[in-house]
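So the structure is just underneath, and the comments pick up after that.
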Amino acid sequence: MRAIPVASVALLGGAALSACVPAGAVGSNTFGFTVSPATVAPGGEVTLGVGRTAAGCHGRVTVTSPVFDTVTIPRGESSATARVDRDARRGAVYRVAFACRDKTGTVDLTIAGGGSHHPSDEPWHSKGVHAGEGGSVAGFDMRQLGLGAALVAGAVGTAYHLSRRRSGADRA
């Protein structure tokens, strides 16, 4: 009989914890590297950005891709522009690599037109999906993490207290 309250506390705690995790937080781009717009025509211009938050990069950022020349975002600035090659393959998805000291990340850039949706610099496989990259989490906010932890602890404590109280009432 004691297993039921313990299981309900564990399930409630797990549900509360999963509700506190932002969508896409796992495997996400935590340093705020961005490419805007995400889809561009050949010969178009994109803005390359970097988050300058506490978790972000504070130094010089080097940005490389097969579809534009290497771009450097200077220290203290948060963006730079790049012109996409006119001969970029329509419909292709290219990787844009950001490097800042020990912090690196990639963002996909889609070339408008066409129907291909796989990165052109990697072999394409017809089985499964490519997931777990991208996202726009620019950094973890300690207040939000603390509030989430407090909510989870409160939910677990309340469930435990209520399960213990009920057990005592059933004995009488």
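Every read-out reported here was derived from the displayed coordinates using simple, explicitly stated rules and does not represent laboratory data. If you're wondering where the values come from, they're calculated on a predicted model, not measured in any experiment. Note that we place each Cβ from the backbone using ideal geometry, even for glycine, and neighbour counts take in every protein chain shown.
Amide H contacts for Arg60 (H built 1.01 Å from N in the peptide plane; partners 5 or more residues away or on another chain; cut-off under 5 Å): Arg75. Positive contributions from Lys and Arg (+1) and negative ones from Asp and Glu (-1), summed over other residues with Cβ under 15 Å from the Cβ of Arg60, come out at +2.
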